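What follows is a set of notes on a single structure, which appears directly below.
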Amino acid sequence: MMAADMDEHETKIVNEFCHQLEKSKQLFNGLRDLPQYGHRQWQSYFGKTFDVYTKLWKFQQQHRLVLDHKYGLKRWQIGEIASKIGQLYYHYYLRTSETNYLNEAYSFYSAIRGRAYYSRMNKEDNRPDMMVKKLRYYARFIVVCLLLKKMKLVKDLVRELGKHVEEYTSTYKPEDQLEWSMVLSEIHSFIEADNVVNVLDMDSNQMVLSHRLHQLTAPAVDRSPSMCLSLQEILVVGNCSEQAKFSELTIDMFRMLQTLEREPQEEGLHTGCDTSPSAQRSPYENGDSNGRPTGKRENPHKYLLYKPTFSQLMAFLASGFKELPANGAMLLYLSADGCFSTPKHSDDPGYDFGGVVTNSKKELDTQGRWQVMIKDLHCFYPGDLQPFTRKPLFVIADSDNSVVFQNVPNYFGQTLVILMSPQYVPGPFQEEQSKGSLFTLFLHSPLMALCFVFNLANLSVHVWDKCQTYVDHFLTEAAKVMTSARGVDPAYIQFFGDDFLRLLLLRYVFCAVVLRNHRAFKGCQFQPRAQPALPESGLLDHPSLHAILLELATLLDSRHLLLLQA
């Protein structure tokens, strides 16, 4: 509501604010229509949107007195602007994989809570639509805090969200009350699922650990000219029906996206919702023309696909393939339920043994009675990857039908490596499926996975740190063995020059050595596989790796669980 007694200057301020506010809303809503894949299509549009919100934020700071008294600007409206800026930064993080933008989103979401923008609403403002805005803000803030491992704050936010959901449902009896109850249930299950091993400090308080890449994580390697490839494009796909999930992130996706990111810097690019006019800046003021931070090593570009359809998966693969620069490699991570087929004979191993499930939209059965004669329309087969083997490709298949991906044809002679999870886990571990895949856990945090298969739920930080030095020693030794052993396919060495891919390969070796020698994991169906196959005698059964594993098991008082002897 505009006040009637405004002078010309005040009228100009209010009109300009309304203009900028409307323009910002239009641009923000337009983001939904942008293609989710590809780099160039969205860059300029995002830049315009950031610029408008930058001006809007500074404008409302500079003219707060006039807007408060003459326009009737309410605190929740300021909160809405800050919330949308937080969303912009979060989605910019999703599109660029630059973890520093998570800090930017956090700074705005944190300011909204700290300044109680949504909490101090008048009675007339406390409408159901306003309550929903507040609930959505909390859900988004929780996701950002989860990704930044701010677990104490996550628990506080979940408690507050629970109170607001209860207030919302008891006051308005809305149609979506079941949906918000499910959101609360999902986040509780997700937090519990991520809590595999408790690392306790000196006062027996649980510590929060980060598993992103930092300079001490990946063992150094003497680079050779053949180590020429770098990871540039990543697809992280999650489609496991029984896994804990929250906000279109399964627990496997959540772990893998962190594994494929560098540790974010503590300081943000600005000071969040500071009252100074220059506080809020778009990424374009802090980086190059593509919004990348200058002077910082960028992460590979990622797409996160939760339960994609087959056509969506192929579109994103094609986009990642198209965007690959010279000497760039693409990684496809599949965490999905198996799609099985048991033919009596095989004419085409790329399609005859099934694959993994993709999400099926309700489509008309146009094939009618001939449906039984054709392949499953909603299955992603190994043969579907054939066009993308024209460029270097690294595949991680985590599924109960992972083994079929050893049948990916490589007709073009490009670098191709496929890591496949065990098809099954022993009975005692099957009840923990909601907590995510054991294979992905090994790739995310080898020590946490080792504790899990050793049935260790609690560990002191002193023991954890000591064990971590053994794991680091194992990975360093494995790197030396892998680059010198006979029978290691050159494809592995070509991927070895990239920090992320080298770390994934070495953690795979750790997983394979542990499970090959664990008494509960007897049988090939409980073992991971790699294509091309890695040598057993020259690598997986190497005495130096066995010796380190034995020392680790001794430290954890778990040698009795291994087949190895000193």
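The values are calculated or read from the model by the stated rules, or taken from the named source; none is laboratory data. Fair warning: this is a prediction, and the values are worked out from it, not measured in the lab. Here the Cβ is made from the backbone with ideal geometry for all residues, glycine too, and neighbour counts use every protein chain on show. For accessibility, only protein heavy atoms count, side chains too; no ligands or nucleic acids. Shrake-Rupley method; radii C 1.70, N 1.55, O 1.52, S 1.80 Å.
Across the range 140-161, what is the number of residues that are open to solvent by 20 Å² or more (accessible area, probe 1.4 Å) and assigned to a helix (DSSP H, G or I)? Break it down stepwise before answering.
Here is the first cut: in the range 140-161, the ones open to solvent by 20 Å² or more (accessible area, probe 1.4 Å) are 140, 148-153, 155-156, 159-160.
Applying the additional criterion that residues be assigned to a helix (DSSP H, G or I) yields 140, 151-153, 155-156, 159-160.
Residues meeting the conditions: 8.
For (1) touching a residue at least 60 places away in the same chain (Cβ under 8 Å); (2) among the polar types (S, T, N, Q); (3) part of a loop (DSSP other than H, G, I, E, B), each residue gets a yes or a no:
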site	(1), (2), (3)
Lys12	no, no, no
Gly38	yes, no, yes
Val52	no, no, no
Lys55	no, no, no
Gln60	no, yes, no
Gly79	no, no, no
Tyr92	yes, no, no
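Going by the structure shown, is Ile78 in contact with a Gly (Cβ under 6 Å, 6 or more places away or on another chain), open to solvent by less than 10 Å² (accessible area, probe 1.4 Å) and of a type in the set (A, V, I, L, M)? Steps first, answer last, please.
Values: in contact with a Gly (Cβ under 6 Å, 6 or more places away or on another chain): no; open to solvent by less than 10 Å² (accessible area, probe 1.4 Å): yes; of a type in the set (A, V, I, L, M): yes.
The answer is no for Ile78.
Consider Thr11 carefully, then state whether it is open to solvent by less than 50 Å² (accessible area, probe 1.4 Å) and under 30 Å from Ile234 (Cβ atoms). Give the derivation first.
Numbers: open to solvent by less than 50 Å² (accessible area, probe 1.4 Å): yes; under 30 Å from Ile234 (Cβ atoms): no.
Considered against the rule, which asks whether it is open to solvent by less than 50 Å² (accessible area, probe 1.4 Å) and under 30 Å from Ile234 (Cβ atoms), Thr11 comes out as no.
Would you call Lys84 closer than 20 Å to Ser24 by Cα, out of contact with any helix residue (DSSP H, G or I) (no Cβ under 9 Å at 6 or more places or on another chain) and among the basic types (Lys, Arg)? I'd like the intermediate steps shown before the answer.
Details: closer than 20 Å to Ser24 by Cα: yes; out of contact with any helix residue (DSSP H, G or I) (no Cβ under 9 Å at 6 or more places or on another chain): no; among the basic types (Lys, Arg): yes.
Considered against the rule, which asks whether it is closer than 20 Å to Ser24 by Cα, out of contact with any helix residue (DSSP H, G or I) (no Cβ under 9 Å at 6 or more places or on another chain) and among the basic types (Lys, Arg), Lys84 comes out as no.
Would you call Ala512 of a type in the set (A, V, I, L, M), open to solvent by 40 Å² or more (accessible area, probe 1.4 Å) and without any contact (Cβ under 8 Å) to a residue 60 or more places away in the chain? Write out each step before concluding.
Working: of a type in the set (A, V, I, L, M): yes; open to solvent by 40 Å² or more (accessible area, probe 1.4 Å): no; without any contact (Cβ under 8 Å) to a residue 60 or more places away in the chain: yes.
Against the criterion (of a type in the set (A, V, I, L, M), open to solvent by 40 Å² or more (accessible area, probe 1.4 Å) and without any contact (Cβ under 8 Å) to a residue 60 or more places away in the chain), Ala512 does not qualify.
Could you list all residues from the range 425-450 that are more than 18 Å from Thr250 (Cβ to Cβ) and of a type in the set (Gly, Ala, Ser)?
Across the range 425-450, the qualifying residue is only Gly427.
Restricting the first residue to the range 551-566 and requiring it to be touching a residue at least 60 places away in the same chain (Cβ under 8 Å) and closer than 13 Å to Leu459 by Cα, which pairs with a second residue that is in a helix (DSSP H, G or I) and of a type in the set (Lys, Arg) meet a Cβ separation below 9 Å and a spacing of at least six or different chains?
Matching pairs, first to second residue: Leu555/Lys466.
Look through the range 19-36, keep the residues that are part of a helix (DSSP H, G or I) and in contact (Cβ under 8 Å) with a residue 24 or more places away in the chain, and return whichever of them is farthest from the chain's Cα centre (by Cα). If you could, list the steps in order and put the result at the bottom.
The initial filter retains those residues of the range 19-36 that are part of a helix (DSSP H, G or I), namely 19-33.
Okay, now just the ones that are also in contact (Cβ under 8 Å) with a residue 24 or more places away in the chain, so 20-21, 23-24, 27-28, 31.
Details: Gln20: 34, Leu21: 32, Lys23: 32, Ser24: 29, Leu27: 27, Phe28: 24, Leu31: 21 Å.
So the residue we want is Gln20.
Among residues belonging to the range 460-498 that are over 19 Å from Leu216 (Cβ atoms) and of a type in the set (Ser, Thr, Tyr), point out the one that is least open to solvent (accessible area, probe 1.4 Å).
Applying the filter and picking the extreme gives Tyr492.
Taking the conditions exactly as written (aromatic (Phe, Trp, Tyr), touching a strand residue (DSSP E or B) at 6+ places or on another chain (Cβ under 9 Å), surrounded by 17 or more Cβ atoms within 10 Å (Cβ to Cβ) and under 24 Å from Leu260 (Cα atoms)), does Phe439 satisfy them or not? Outline the logic, then answer.
Numbers: aromatic (Phe, Trp, Tyr): yes; touching a strand residue (DSSP E or B) at 6+ places or on another chain (Cβ under 9 Å): yes; surrounded by 17 or more Cβ atoms within 10 Å (Cβ to Cβ): yes; under 24 Å from Leu260 (Cα atoms): yes.
The answer is yes for Phe439.
When you go through (1) open to solvent by 40 Å² or more (accessible area, probe 1.4 Å); (2) at pLDDT 90 or above one by one for Arg223, which number turns out not to apply?
For Arg223, the failing item is (2).
Which one is most open to solvent (accessible area, probe 1.4 Å) among residues in the range 180-190 that are touching a helix residue (DSSP H, G or I) at 6+ places or on another chain (Cβ under 9 Å), closer than 16 Å to Leu157 by Cβ and free of Cβ contacts under 8 Å to residues at least 40 places away in the same chain?
Only one residue tops the list, namely His188.
So which residues in the range 516-533 are over 17 Å from Leu562 (Cα atoms) and open to solvent by 20 Å² or more (accessible area, probe 1.4 Å)?
Gln525, Arg529, Gln531, Pro532, Ala533
Residue by residue through the range 316-358, note down the ones that are open to solvent by less than 60 Å² (accessible area, probe 1.4 Å), under 18 Å from Ser399 (Cβ atoms) and free of Cβ contacts under 8 Å to residues at least 24 places away in the same chain.
Hit for the range 316-358 is Asp352, nothing else.
If Tyr109 meets every condition in (1) part of a helix (DSSP H, G or I); (2) farther than 26 Å from Pro128 by Cβ apart from one, which number is that one?
(2)
For residues that are more than 12 Å from the chain's Cα centre (by Cα), modelled with pLDDT of 70 or more and surrounded by 20 or more Cβ atoms within 10 Å (Cβ to Cβ), tally how many sit in the range 291-309. Spell out the reasoning first.
Our first condition is that a residue be more than 12 Å from the chain's Cα centre (by Cα); within the range 291-309, this holds for 291-300, 307-309.
Next, from what is left, pick out any that are modelled with pLDDT of 70 or more: 298-300, 307-309.
With surrounded by 20 or more Cβ atoms within 10 Å (Cβ to Cβ) added as a condition, the list becomes 299-300, 308.
Count: 3.
Take Ala512 and decide whether it is at pLDDT 95 or above and more than 30 Å from Glu298 (Cα to Cα).
Numbers: at pLDDT 95 or above: yes; more than 30 Å from Glu298 (Cα to Cα): yes.
It is true that Ala512 is at pLDDT 95 or above and more than 30 Å from Glu298 (Cα to Cα).
For the range 85-108, what are the residues that are of a type in the set (A, V, I, L, M) and open to solvent by less than 10 Å² (accessible area, probe 1.4 Å)?
Within the range 85-108, the first condition is being of a type in the set (A, V, I, L, M), and the residues that meet it are 85, 88, 94, 102, 105.
Of everything in the range 85-108, those that are of a type in the set (A, V, I, L, M) and open to solvent by less than 10 Å² (accessible area, probe 1.4 Å) turn out to be Ile85, Leu88, Leu102, Ala105.
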